[in-house]
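Structure first, then comments.
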Amino acid sequence: MTTEKITPKELHERLERNEKVLLLDVRAEDKYQAEHIAAPQIENLNIPKTIIFGVEETKEEAKLSLPREEEIIVTCTTGNSAAKCANILSSLDYKVKVLEGGRTAWKEYQKSLEK
């Protein structure tokens, strides 16, 4: 099962249109606290991937407290962990997309806009 992806450009366009975005960062809390994608339209959540992997094993979804009716964009540093987490969440009937290339691609895209 392949999870849908959203490119940094598509995410940027959504923010430009002032769309509300729910962004789930699955990196460790210290990395998240140090730096994450921020904008007034973004509702940021940080659930480390280890917790999501644990939920797959225990099926204890209550630990996630994520909305099922909203689309959740999952991100990490490069997109690999986010893809694994998104597959788990998708199998639990959450609406998820992966930020393609993760934060690394997002930063590159932001740089390209500054030129």
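Here is how the numbers come out for the structure above:
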read-out: Helices (runs of 4 or more DSSP H) lying entirely in region 22-115 (those with 1 or more residues that are closer than 22 Å to GLU10 by Cα and over 13 Å from the mean Cα position of the chain (by Cα)); value: 102-114
read-out: Selection count, region 1-41, where residues are crowded, with 17+ Cβ neighbours inside 10 Å and hydroxyl-bearing (Ser, Thr, Tyr); value: 2
read-out: Residues located in region 1-32, provided they are modelled with pLDDT under 95 and in contact with a helix residue (DSSP H, G or I) (Cβ under 7 Å, 6 or more places away or on another chain); value: MET1, THR3
read-out: Filter pass, ILE51 being touching a strand residue (DSSP E or B) at 6+ places or on another chain (Cβ under 6 Å) and of a type outside the set (D, E, K, R); value: no
read-out: Residue tally, condition in contact (Cβ under 8 Å) with a residue 40 or more places away in the chain and either out of contact with any Phe, Trp or Tyr (no Cβ under 7 Å at 6 or more places or on another chain) or farther than 22 Å from SER65 by Cα (or both), over region 3-34; value: 16
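The values are calculated or read from the model by the stated rules, or taken from the named source; none is laboratory data. Quantities reported herein were computed from a predicted structural model and do not represent experimental measurements. Note: ideal-geometry Cβ built from the backbone for every residue, glycine included; neighbour counts use all protein chains shown.
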